[in-house]
Every structure is written in C-alpha cells, then in structure tokens.
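Every number here is computed from the coordinates shown, using simple stated rules; none is lab data. In this text the structure is predicted, and so the values were computed from the model without any measurement. Here the Cβ is made from the backbone with ideal geometry for all residues, glycine too, and neighbour counts use every protein chain on show.
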Amino acid sequence: MNASPPSPAQVIHALSAGNARFREARSIHPHATASRLHQLPKGQHPHAAVLSCSDSRVAVELLFDSGFGDLFVIRNAGNTCTPGSLASVEYAVEALNVPLVLVMGHSGCGAVGAACTPGHQLTPSLIKHVGHIHKDLEQAGLQFNDAADRNRAYGLNAELAAQELIRSSALIQERLQQGQLEVHAACFELESLEVRWLGPQSVAAGD
Ligand SMILES: [Zn+2]
C-alpha cells in the first residue's frame with residue numbers, strides 16, 4: 001500500500017530545505033545511487049511536478065538536493081505552458097497523484113530575455129515560442145523598456161505559465177477545488193542560488 005501523499009505545504013517545506021542545503025554547500029545528495037533506482041522498478045511516487053526551463057544552469061534535482069523518484073520534471077525554454085508540458089503535468093496529477101505543481105522560472109532566462117527585446121534572429125519555431133511569452137507579459141502590463149520591469153519578467157512569466165496551466169486544465173481546476181493540489185510559481189535566482197517562492201496561483205472563475 002502506498003502511504004497517502006504529503007500535503008502541498010510539506011512538499012514546499014522539503015523543497016525549501018533542499019534548496020537551502022544546496023546553496024549553503026551542504027547537499028546530502030539523497031536518492032542519488034543505483035541502489036535507490038533499483039528500489040523503483042515498479043513505479044514512481046514523486047512529490048511534485050516541476051515545470052522549469054531547459055537552461056543548463058537550472059538542474060532541478062540538484063538545486064533542490066533531491067534524487068531519483070522525487071520530482072517529476074518537465075523542462076522547455078522559458079518554462080511555458082505548451083500542449084506537451086500541460087499533458088505531462090496532467091499525467092503527474094492524475095496518474096501519480098502529486099500534491100504540488102511548481103512552475104519555476106529563473107533570472108537571466110534567455111527565452112524571457114528574447115521575449116522582452118524583440119529583434120533577435122530566430123527560427124520560425126522560436127519566433128512562435130518567444131512571441132507567446134511576449135504576448136502574455138504584454139497583456140500582464142509589463143513595460144519592456146523599463147529595466148526594473150524586465151527584471152520582474154522572469155518571475156512573472158512563471159506565474160503566468162502556472163495560471164495558463166490551471167486555465168487550460170479541467171483536471172487541475174477540479175483538484176484545486178477539492179483541496180488536493182496546489183499550483184505554485186517560483187523564480188530561481190542564479191546569483192544567490194535561492195529559489196524565491198512567488199505563492200500559490202489561481203485564476204478567477206470564468207477567466
Ligand atoms: Zn531559461
């Protein structure tokens with residue numbers, strides 16, 4: 001029998017503690033050995049689904065000091081809500097029963113930077129991808145010519161992607177209403193190595 005999943009607050013507490021160990025060079029590298037993986041041949045029970053950026057500096061398991069079987073991680077440039085990332089998050093919620101979905105952006109994100117400063121030479125796919133981020137930030141009122149606002153864009157983009165996941169998924173909305181799930185946003189600060197939590201995300205009814 002599987003134990004009941006931890007609460008969202010317990011998962012956030014554990015992730016915060018792992019990130020504190022990582023940035024203070026006290027990582028214990030739990031669940032990182034072959035023997036751990038040998039214990040998991042029949043299935044997985046991760047405690048959170050994390051949608052993050054593909055950026056090579058945002059190695060999610062390492063910066064939360066976690067290991068095999070702990071986190072269900074989805075990554076794409078700019079941690080956006082795409083059909084693939086939404087379906088992956090829904091799988092983690094429906095089949096793996098995760099109590100927490102975290103969308104985590106990061107400072108210095110190239111995709112968000114490109115979305116804030118149009119004019120880069122981009123392929124058609126990237127133009128579409130970055131254009132989606134730009135449009136969402138613009139609709140949220142971000143001033144692209146304001147330096148402070150551009151700094152705010154990394155976290156704001158994560159919040160907007162989290163809200164889009166909720167808006168796009170009847171399953172996620174249902175689990176939120178039942179109190180079985182929380183969707184949070186965060187921003188990983190590359191300079192301090194700190195994961196800055198931005199709070200639970202929601203959308204207005206009918207939004
Ligand atoms: Zn990035």
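The figures follow:
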read-out	value
Charge sum, other residues only, whose C-beta stays under 14 Å from residue 102's C-beta, Lys/Arg counted +1 and Asp/Glu -1	-2
Built amide H within the under 5 Å cut-off of residue 48, gap 5+	72
Where trypsin sites (Lys or Arg not before Pro) fall in DSSP loop in the stretch 34-80, at most 14 other Cβ within 10 Å	42, 57
Residue-wise HN-Hα coupling along the stretch 103-119, computed from phi with Karplus coefficients 6.51, -1.76, 1.60 (Hz; x: Gly, Pro)	9, 10, x, 8, 5, x, 5, x, 5, 5, x, 5, 5, 7, 10, x, x
Amide H within-cut-off set for residue 196, under 5 Å, with H built and near neighbours excluded	187, 188, 189
Estimated Rh, the stretch 8-199: Kirkwood, alpha-carbon pairs, angstrom	17.1 Å
Potential extension, residue 36-residue 138 segment - 0.36 nm per residue separation minus Cα distance	32.2 nm
Cut-off under 5 Å, modelled amide H: who pairs with residue 184 long-range	101, 102, 103, 201
Radius 12 Å from Cβ of residue 16, net charge of other residues (Lys, Arg +1; Asp, Glu -1)	+1
Mean separation of Cα contacts under 8 Å (6+ apart) over length of the stretch 1-138, as relative contact order %	26 percent
Length gained when the stretch residue 167-residue 125 is fully extended (0.36 nm per residue, less Cα-Cα span)	12.8 nm
